[in-house]
Amino acid sequence: MPKIKKQSENLLEHSNSASDNKSKRKYGFPYRKGLNFCCFQKSVQSFTSQPAEKPTFAEDTECSIKLFPHLIHVRDLTKDFIDRASGVIQIPKDQSINELMKKDRIKVRGLDTLSSQSLLGSEEFCEPRRWPFIPTICVSKIEQAKINNEVLLMDEHEYKKTKKMLENRCVNTKEIRSAITHPDVREVHEALTELLETPIWKLLLKIKQNMDIADASNQLEMLSMELDILLNTVKHPGCSDTVKTTTEENEVCSIIPEELKNYLFRKREVSGFGLWNTEEFRVFVNQETKGRHIRENLLKVFASFFKIKRLNVLNCEPSFHPNFQPGDKIFPTNSALAKTEERGSLARDEKGYGTLGGFVTDKNSNIYALTCAHVCKKDHYVFAAYGDSEREKIGECVFSNYLEAKHIPVLPDVALVRIDDEVKDRCNRTMLSDIFHLSKFKIFSGNLENLVNRAFVYKVGAQTRLTKGYILSPALYITGRDDTFLVSGFGDVHFAEPGDSGSVVFMNENSSALDTINVIGMFFGSCTLNVEDCKEKSACLRMDTAFEFLNQNGWDIWFENQI
């Protein structure tokens, strides 16, 4: 199917004369609350000064809102944001948005006539104040489907395919994704999702415009940052793909100049440095008296860089703390001890646990569990359980990076557990998105700076389960590590806690079907900066770096549903 074009010409420039085969009037046109598609079947003549012809119904089609998973996703994100922000900032009262929050069905209406007055001016068509909140489809004789003035124009052939998709009585996620990602309708589904989410985008934009952050508290700044990410997530006509998932050939992987990194690595008084949000570059020094000297030299030697990044020199020593605590989920134990135990049991003094990040495979069809190296050591047997269920041996750790080695620039905290043949068939080898739908996925290899203030990230951990956060520092360099980034949760909720080590950090690819996720990294511990205004953050390693490291050590592995 041709790509949907987004243009700003007058809606009726592409209308055609009325068809001789008009459908009979089936229904009246009462106003009904809630969210409706208005699908116009067979457009009429171009705009003239003649009186408007009243639209006549041709058909009604009702579909489940489940056919629009991205709309549900955005609706839930918006409700979560408004619930937390309502006591801090002014939220406009919008009854149509409240209706949307409760909707589980969407009615699609087809009309057999259309003129400019009937579309945009007639009170019989809709309440004027509600017009922006009623997405429309206009079916007319045009060569290529397009969005025009918040109306989706398409020919009758495309409309029939779209109607077939909307009438699909899907009962599960797999069937829904198959219906809405079919090549015949995928572009149209993206466009319909944009029209549906436009009222949410307009509401959020109004909230943003009303926010005064000139003298904002830290709480207000955090809400403003979250709102920026939410605005970037919501689809609307005129929006474009916001996140690149691969590094283009001519794209610089990091904005930090190599000369600047090498300069800071040579300074003994520098304990770490990195990007902070989108505008700030932080340098951590372990001697307060050296801070001013470092600052003056950096501003002088790297003047061009610090014209685009604000320099902040802090007196502190950042440190990582691998998270590991008594509890449940993945339980490593010494092999000699485990051999004395029956399958399905474990010595009760072995209480430490981490998180099973996901399953990977190799060319010999071996299955491995991916987790952190500080969770389990090589040759340890690994047991697993869900919640308070009985622990059961799932395999043996065959690779665990030696974290105490010295003089290595990259230190992935990663381990592989080979799964026993007896439990292979019970392993869910697919990845789960933030709404727990089976998803295909990609390994994110792009610039993490492109995600700052632009994308929500998620993880599912053994301790805190599903949490949402944002990338605070896309590149943090401490003790030579260059695979680290920091994530923060929203409000008072931590992104991760002890016991979550090994959980995969990911984001949704912002498609209307929400059928693909991008795996960004793995949570391995907390990071503290020893300064009062910096709370503990979640430290994560990049997954593409970890996979490259494993490959260099002879482990050519991949996720089973990786694309």
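Of note:
- Separation of the alpha carbons by more than 26 angstrom is noted, of K160/K206; K66/K164; K103/K161; K208/K440; K261/K442; K261/K290, for K160/K206; K208/K440; K261/K442.
- Sites V171 and Y402 - FRET efficiency at Förster radius 45 Å, r taken between beta-carbons, to 0.05: 0.35
- Label-point gap, in nm, between S178 and T61 - each point 7 angstrom along Cα→Cβ: 1.9
- Solvent exposure of the stretch 443-486 as accessible area per residue, Å², 1.4 Å probe: 23
- Net lengthening on full extension, N262/I308 (0.36 nm per residue, minus Cα-Cα): 14.6 nm
- Residues E187 and K141, FRET efficiency given R0 of 22 Å [Cβ-Cβ distance, rounded to 0.05]: 0.70
- Extension gain for the segment R292 to E536, taken as residue separation times 0.36 nm less the Cα-Cα distance, is 85.3 nm to one decimal.
- Compared with the alpha-carbon gap, the fully stretched path from T430 to K102 is longer by 115.0 nm at 0.36 nm per residue.
The values are calculated or read from the model by the stated rules, or taken from the named source; none is laboratory data. Source: prediction; values computed, not measured. Note: ideal-geometry Cβ built from the backbone for every residue, glycine included; neighbour counts use all protein chains shown. SASA here: full protein model, heavy atoms, side chains in, ligands and nucleic acids out. Shrake-Rupley method; radii C 1.70, N 1.55, O 1.52, S 1.80 Å.
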